[in-house]
Amino acid sequence: MRVLLVHNRYKFAGGEDVVVAAEKAMLEDHGHEVSLLDADNAEISGALSKAVAGFTAIYSPAAKRRVADEVARFRPGIMHVHNFFPLLSPSVYCAAHEAGVPVVQTLHNYRLVCPGSQLLRNGSICEQCLGKTAAIHGVVHGCYRGSRAATASVASMLAVHRALGTWGMVDAYIALTRFGRETFIRGGLPPDRLFVKPNFAHSAAATGQGDGGFALFVGRLSVEKGIRPLLGAWKRPGVDLPLKIAGDGPLMAEVQAAARGMANVELLGQVSKDRVADMLRRAQMLIIPSIWYEGFPMVVVEAFAAGVPVIASNIGALGELIDHGRTGLHARPGDAEDLARQVEFLASDEAQRQRMRHAVRREFELHYTAERNCEMLLAIYEQARARLMPSQL
């Protein structure tokens, strides 16, 4: 099959970019032809460019022409969109629809039901715009980049294309978890077009031993990732296990200041993918203290591949991905004291950690390999093709 991937890259590379590259490689490894059409947010700079991007986010004739030209050249059997915001816009759906090419959209975040994309406001879960015709609350609170004007652009994009029926041009939506699927249904997307396919990892290497004697956090240093309760947990008496923090982000200075006064916390900054993999093999546990509805953090499946138990906030998809007592432990989101208790418990019970190491690796082999993921993705492609071209299949 010929697959046209469409993706708007972020200014700073993130998990979505990793997934796009991984799925492209996976499809090619399984004998499919893949073309990647992308845009890069690094192109946006200066007030004028940002203003233009605001209009482009609603509808981009240039992006539509790019997709139409690539469809005519490559003649794909499916177009799979990962991110169209803000430079490509939903106009890419129109180009494929007019050419009779089925469209699949992966829902990496909550952009289609929340202008801020995270269902989070002021450090707390917010669902005020979920299922609403217009995201008025999002505009009032400036949920996108703290700007009412920027949020108005996103809210307009959502409202305009809902009114035009553009979202109906998507033949299959991919949610990353059951929780995500249920949330998008509440947000108004059609249940019969919503499928669940998780992220995956190519890794087939043997698991590590977890003999490094430390806990690990990998991710963006930001409020929604739960950095503050993470640091709070490590300030509690009784939490003696060293913590390594790998990542960068807006709270870097705050984390640096805290780490200087904590002998058992080491801030590594941004590290390479290979080094993360090595640390996962040696870590006793991975900590994911997020306070928002994560989509599907890639580090979860990478940890499972390495055989690392995960202590995660019991919120949204994380509560679904981590089976409490089997593949890791749950902690109350934002609760440093409860997080500290879970860390102390797991750090003190080597037999439990070993049981969990076997369980998470088994979970990876059953659900998160490239082979299993490719089967699921191709099945969704066929569902999309059957919906648009039933008489041809």
task = Determine if segment 277-287 includes at least one residue that is in contact with a strand residue (DSSP E or B) (Cβ under 8 Å, 6 or more places away or on another chain) and either farther than 12 Å from residue 216 by Cα or hydroxyl-bearing (Ser, Thr, Tyr) (or both).
result = no
remark   = Given the conditions (1) in a helix (DSSP H, G or I); (2) touching a residue at least 60 places away in the same chain (Cβ under 8 Å), every one holds for residue 241 apart from (1)
ask   = Just wondering, is there one or more residues in segment 341-352 that are crowded, with 18+ Cβ neighbours inside 10 Å and of a type in the set (Phe, Trp, Tyr)?
value = no
ask   = Within segment 190-213, can you find the residues that are modelled with pLDDT of 95 or more, hydrophobic (A, V, I, L, M, F, W, C) and either crowded, with 22+ Cβ neighbours inside 10 Å or outside the structural domain of residue 374 (by TED's automatic domain parsing) (or both)?
value = 200
query = Which one is farthest from residue 9 (Cα to Cα) among residues in segment 76-108 that are assigned to a loop (DSSP other than H, G, I, E, B) and over 21 Å from the mean Cα position of the chain (by Cα)?
reply = 100
ask   = Of 329, 318, 377, which residue is farther than 30 Å from residue 78 by Cα, surrounded by 21 or more Cβ atoms within 10 Å (Cβ to Cβ) and under 18 Å from the mean Cα position of the chain (by Cα)?
value = 318
ask   = With 73, 111 as the choices, which residue is outside the structural domain of residue 289 (by TED's automatic domain parsing) and assigned to a helix (DSSP H, G or I)?
value = 73
request  = Considering each residue of segment 59-70, count those that are out of contact with any Pro (no Cβ under 8 Å at 6 or more places or on another chain) and either part of a loop (DSSP other than H, G, I, E, B) or aliphatic (A, V, I, L, M) (or both), and give that number.
outcome  = 5
message = For a quick check of your reading: which helices (runs of 4 or more DSSP H) sit entirely within segment 305-393 and have at least 2 residues that are of a type in the set (Gly, Ala, Ser) and at pLDDT below 95?
response = none
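The values are calculated or read from the model by the stated rules, or taken from the named source; none is laboratory data. Computed from a prediction, not measured in an experiment: that's the story for all the values here. In this analysis, Cβ positions are derived from the backbone assuming ideal geometry, glycine residues included, and neighbour counts consider all displayed protein chains.
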